[in-house]
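Everything below concerns the one structure shown next.
Nothing in this text is a laboratory measurement; each read-out follows from the coordinates by a stated rule. The structure displayed is predicted, hence computed values, not measured ones. Methodologically, a virtual Cβ is constructed for each residue, glycine included, from the backbone with ideal geometry; neighbour enumeration extends over all protein chains shown.
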Amino acid sequence: MCLAIPARVSQIYDDDRAIIEIDGVQKEISLALVDDVAIGDFVIVHVGYALGRLDPAEAEKTLELLKGISPTSSETIVS
C-alpha cells in the first residue's frame with residue numbers, strides 16, 4: 001500500500017528541493033513535479049516528491065485524521 005502525506009513547506013532551494021515539516025519532523029523533498037510552490041504551502045508528498053499543492057484546511061484535516069490513527073501519541077507520521 002502507498003501513502004501520500006500532506007506536509008507544509010518550510011524552506012525552498014533553487015534546485016527544485018525543499019524542506020517540509022510534518023508533526024515536528026523535517027525532511028528534504030523534490031519539488032520537480034509541482035510548479036509555483038511557496039513557503040507555507042501544503043503539498044502532498046510521496047516517496048520524497050511533492051505531487052501537488054493542497055488546500056490548507058484539507059491538509060490540516062487530513063493530518064488530524066492521521067494523528068488519530070497513530071498507535072500512540074508519541075509516535076510521528078514520518079521517519
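Note down the nm distance, to one decimal, between modelled labels 7 Å out along Cα→Cβ at I69 and at E21.
Here the modelled spin labels are 2.5 nm apart.
Taking the dipole about the Cα centre of region 5-69, with the C-beta of Lys and Arg at +1 and of Asp and Glu at -1, give me whichever of A38, I69, P56 is farthest to the positive side.
I69
Packing-wise, with mean Cβ within 10 Å as the measure, how do 13-23, 44-54 rank, highest first?
Descending packing order for the listed peptides: 44-54, 13-23.
For the residue pair S10 and A57, what label-to-label distance in nm results when each label sits 7 Å from Cα along the Cα-to-beta-carbon direction?
Distance between the two pseudo-spin positions: 2.7 nm.
Mean separation of Cα pairs under 8 Å and 6+ residues apart, divided by the residue count of the chain: what relative contact order is that in percent?
28 percent
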